[in-house]
Amino acid sequence: MFSSPTLSGCVFRRNSAGLGGALYCGDSDPSITSCTLVENEGAQGSSISCFDGSAPAIRHTIMAYGGPGEALHCDGSSPYTTRSCVFANGELNELCGTYTTSILYVNPLFCDLEAGDLTLRADSECLPENNS
């Protein structure tokens, strides 16, 4: 069954699954916008795992501190990622699928990750006003 859910402004933190620590996309085209996926665990895709022709659109999203797998895993899928921050994700910090040059591979600089404050510091490059 094909689906196209919209996820906006979501936080997925400290989730664990074999495929897609935070999100699993199978035969779906979700829109993932302005979400924070942090400290998730997945052997294939610590943040998102995509299969079966899925084509998620990932925008303005932070994928950080996941493991042991890469942030975004693709198997027979074609995600599109733009204007997002990717940092410290398992074995690979690279993205699969199609992505723009506006991907930042920098520390998002959360105010207090340990205490659960995922607000970005004023000097974070992941904030639109701090990068071009």
Could you let me know the centre-to-centre spacing of segment 111-131 and segment 67-90, using Cα atoms, in angstrom? 20
Just one of (i) 0.95; (ii) 1.00; (iii) 1.11 is Rg/Rh (Cα atoms, Kirkwood Rh) calculated from these coordinates, so which is it? (i)
Whole-number accessible area per residue in Å² for segment 43-132, which is evaluated in the context of all protein chains at 1.4 Å: 47
Given a 1.4 angstrom probe, I'd like the percentage of the accessible area of the chain that is carbon and sulfur, rounded to a whole number. 50
Local electrostatic count at Val86 - Lys and Arg +1, Asp and Glu -1, tallied over other residues with Cβ under 15 Å: -3
Could you rank Cys25, Cys74 by how accessible they are, 1.4 Å probe, largest area first? Cys74, Cys25
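The values are calculated or read from the model by the stated rules, or taken from the named source; none is laboratory data. Here the structure is a predicted model, which means the values were calculated and not measured. No Cβ is skipped: glycine too gets one built from the backbone with ideal geometry, and neighbour counts run over all protein chains shown. Accessible surface is based on the protein model in full, side chains and every heavy atom, while ligands, DNA and RNA are left aside. Shrake-Rupley method; radii C 1.70, N 1.55, O 1.52, S 1.80 Å.
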